[in-house]
1. Find the centroid of the Cα atoms in the stretch B:80-122 and in the stretch A:66-104, then give the distance between the two in whole Å.
2. Just the number, please: percent antiparallel of the DSSP beta bridges in the stretch A:64-206, rounded to the nearest 5.
3. Taking θ as phi - 60°, what are the ³J(HN,Hα) couplings along the stretch A:49-58 by the Karplus curve (6.51, -1.76, 1.60), each to the nearest whole Hz, with x for Gly and Pro?
4. Give me, ordered by chain and number, the residues 5 or more places off A:T267 or on other chains with an amide H under 5 Å from its own placed amide H.
5. Can you give the net charge of the other residues whose Cβ lies under 12 Å from the Cβ of B:V49, counting K and R as +1 and D and E as -1?
6. Based on alpha-carbon centroids, what's the gap between the stretch A:422-457 and the stretch A:291-313 in Å, whole number please?
7. Within a 10 angstrom radius of the beta carbon, how do C:H86, A:H334, A:H78 rank from fewest other beta carbons to most?
8. Which whole number gives the average, over all residues in B:40-51, of C-beta atoms from other chains lying within 10 Å of the residue C-beta?
Amino acid sequence: MINRLGREGLHKPYGLPAADSEKSNKNNKEVLAEQTHWGLSLEEVLDALPLTDGMTLSFHHHLRNGDYVLQTVMEAVHKQGVKDLTIAASSIFPAHECLVPMLEDGTVTKIHTAYMSGPVADAVSKGKCREICEITTHGGRPRAILAGELAIDVSFIASPAVDKQGNITGSDGPGACGVLGYAVADAKMAKRVVAVTDTVLDRITKPEIDHKYVDYIVAIDSIGDPQGIVSGTTQVTKDPVGLKIAKDCATLMLHSGLLKNGFSFQTGAGGISLAVADFVKEEMKEQGITARFASGGITDYLVDMLQDGAIETLYDVQCFNLKAVESVRQADNHVKIDADRYANPDNPDNIVDRLDFVILGATEIDTDFHVNVTTGTDGKILGGSGGHADTAAGAKLSIIVSKLVNARVSCLVDAVTTITTPGETVDILVTDRGIAIHPKHTELIEKLQKETHLEILPIKDLLQLAKSFTGEPEPVKRGERMVAASVYRDGTVLDVLYQIEE
Amino acid sequence: MLTTGDVLGADVLILDLEDAVALSEKDAARILVREALHSVPFTHVETAVRINPLDSPYWQEDLAEIVPAQPDALVIPKASVEAVQQMEKVIEQIEKEKGAEKKVRFLLLIESARSLLDLPRIAASSERNAALLLGAEDYSADMGIERTPFGKEIEYARFTLATTARAYGLDAIDTPYTDMEDRAGLEKDTRFAKSIGFTGRLCIHPAHIDPVTKVFNPTKEAIEEAIALLEAAEKARQEGIGVFSYKGKMVDLPVIHRAKSVLDTAKSGGLL
Amino acid sequence: MSIAKPAICGSLQSNDCFVRIYPAETGIELELSSPVYKQFGKHMENVVRDTLKQMQVANCRIVIEDKGALDYTIRSRVETVVKRAHE
């Protein structure tokens with residue numbers, strides 16, 4: 001079915017009135033473990049479950065590209081000879097390459113995630129996965145789990161440290177990753193929970209995951225490579241053009257009326273987004289204001305601002321490096337949150353809805369302000385929403401920062417290849433050659449034109465400007481077969497991804 | 001950077017064919033700059049091309065390729081009366097042949113003791129001259145002296161250049177600040193340059209553009225002050241009063257001209 | 001112009017292209033690789049051919065490794081490499 005944005009919406013099109021509620025026979029109650037079993041090997045646990053065809057297995061991605069657990073578990077699963085499994089991993093990285101042959105031989109026939117990169121993403125793009133995969137958002141995933149829409153049979157939780165009772169923490173052990181926010185909904189709702197760990201402590205006082213959810217504890221040599229775990233962060237850009245974009249963005253924020261004492265913000269992980277935080281910090285110092293909170297994936301940059309007193313509280317759903325891991329361990333105002341609290345639209349207390357600003361990147365953005373961070377222009381999967389669609393929806397002002405044209409690629413296109421974030425939640429595009437503001441913001445546009453020298457143009461004009469540099473691109477042919485759905489935070493389908501032509 | 005240099009906030013973008021280009025690449029650079037001038041829109045900025053000096057084997061080909069592409073100006077390195085005159089002859093010819101719409105202006109780079117002494121003649125050497133630029137690195141090499149951060153050793157050169165430029169109605173553009181990291185030093189040095197009559201500064205690092213612009217732009221207060229003063233002057237003129245007092249200071253014609261100059265700079269800097 | 005000897009021009013930096021030209025006997029042999037081949041490949045090939053035509057090059061083998069160069073850069077690199085190959 002075609003959805004409100006004119007794209008394929010499968011059986012749950014975005015923006016149209018909901019079909020009959022499917023919730024009546026969904027399990028949305030927490031599942032407690034009868035007992036926490038110790039001492040079994042991974043193989044013994046798989047036998048005890050028992051593992052069967054067609055199950056949904058889940059994993060979290062806090063160990064990022066340093067994760068060993070998914071591979072260790074899936075190789076053992078593979079040996080069991082089961083098939084038609086769904087892998088619900090909160091994100092998939094190059095380290096999860098072991099899944100590719102499992103897609104090819106039918107062990108795994110569906111992937112449910114919020115972000116996919118590397119060989120697995122390539123394989124899905126090339127049509128190697130039998131079912132249509134689902135690429136949702138960081139907030140949509142716990143929503144689906146807690147509402148019973150994504151039913152998990154076994155959740156394998158990479159656990160940096162457990163205690164003798166079976167409580168799990170992310171803050172200790174050689175594979176410490178700080179927060180375990182993406183695993184909490186899984187732990188609560190999965191039929192069975194298996195903690196996979198390399199460190200057992202006597203007592204954990206502030207566990208992320210309570211032992212009452214944990215059915216099995218499996219010890220392995222190492223859950224992950226610490227170097228790879230903290231691989232998520234980029235540096236503040238040094239590129240003068242990127243800095244100009246960041247500076248213009250900061251100027252815009254300053255004149256928006258929202259940059260005042262007690263404001264809140266989140267930035268994406270890109271170099272330009274981080275540079276915006278840099279300029280905003282200077283502005284804050286000059287005005288003597290502090291931020292009530294910053295949220296999302298936490299880098300050392302934000303930790304510095306916390307320690308300097310520029311930010312009152314950090315809401316951390318994911319630690320991007322060791323400084324963040326250390327800070328969340330001991331600082332009271334560096335708060336661990338789970339993905340449900342972070343961005344579940346059905347959670348009335350969710351953090352992203354309280355944001356004033358979010359500064360994000362975009363692979364593509366079109367004249368409806370729809371953003372694509374899921375695929376490249378050739379249709380190949382290179383990511384997924386992550387928190388993009390959630391923060392854009394929640395923040396009062398959602399700002400995309402990007403160079404307009406780089407290496408003959410324009411970020412602004414006629415129509416995005418894949419809709420990750422719908423245009424009605426995106427407010428502003430800041431580029432090196434001009435700023436486009438969603439036409440609904442008439443007052444803001446007037447204010448900025450009056451008070452600043454920022455170059456504000458209609459988005460269609462900015463698109464023409466881009467084309468005057470690159471020329472008119474040939475449309476890229478897409479394949480026939482659907483390989484994945486771009487799923488919005490509320491579970492509806494924004495768009496569909498197609499197999500790429502080789 | 002060739003395609004994107006114009007967004008960085010400078011007033012003039014100098015495309016270099018001289019020191020930034022290896023000898024083996026002079027041909028490629030020349031053609032690339034020519035094509036860029038034809039194709040890249042270069043918004044909000046004037047374009048200048050630094051060609052190779054008179055004592056090089058490259059300047060004639062530089063002119064042959066670049067002048068038809070009509071940049072706003074040429075930067076003539078190692079400027080001398082002879083260089084200006086010889087080059088202008090060739091340029092006149094090219095402009096005539098190509099039916100050029102505008103005459104390319106000259107930005108003269110002063111880089112030696114000799115040219116400093118010859119400055120009035122150099123300044124007057126062509127109607128196309130628009131600015132005198134100080135190249136302190138080559139100048140101090142020529143003098144056999146060392147450059148220091150504080151710049152005492154180039155003070156004479158700076159004073160002379162600023163004064164001569166003013167006398168001949170040209171812009172005086174100071175030498176680049178070479179310490180990439182020292183922002184405080186950059187600001188202090190640029191304020192000094194402004195205080196002795198420089199109207200601009202060369203920047204070799206994009207991060208220097210904003211701080212330098214801030215120094216040369218009149219402040220909001222200065223602009224408001226100038227507007228108020230000119231209003232008072234207009235009132236005085238209507239009442240038939242010549243010299244009057246404004247906020248306790250005597251205001252005569254030179255003061256009024258200075259106020260007008262502030263507003264002109266403000267306008268051209270997009271501040272009004 | 002005739003291509004008397006091999007020549008190179010340009011670089012593999014982002015936004016540039018690296019061009020190699022060799023003498024040939026029968027017409028223009030063009031090889032282009034580019035990260036934006038799907039979107040602009042045909043157009044870029046036309047730019048190269050047009051430039052060669054303007055310079056009256058009838059025979060050559062020209063290999064372009066593009067890194068997202070705009071038309072003016074491609075034109076410049078091709079013109080330069082032809083002149084270098086001609087001397």
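Readers should treat all values here as calculations from the given coordinates under stated rules, not as data from a laboratory. As the structure is a prediction and not an experimental result, all values here were calculated from the model. Here Cβ is always computed from backbone atoms with ideal geometry, including for glycine, and neighbour counts include all displayed protein chains.
1. 71 Å
2. Values: 2 of 17 bridges.
That works out to approximately 10 percent antiparallel.
3. Going residue by residue, I get 3, x, 6, 10, 4, x, 6, 10, 10, 10 Hz, with x marking Gly and Pro.
4. So A:T267 has HN proximity to A:S295, A:I359.
5. Numbers: positive: B:R30, B:R34, B:R50, B:R105; negative: B:D16, B:E18, B:E46, B:D62, B:E65, B:D72.
In short, -2.
6. 27 Å
7. Working: C:H86 15, A:H334 24, A:H78 18.
The most exposed by this proxy come first: C:H86, A:H78, A:H334.
8. Numbers: counts 3, 4, 0, 4, 2, 0, 0, 0, 0, 0, 0, 0.
Other-chain Cβ atoms within 10 Å of each residue's Cβ, averaged: 1.
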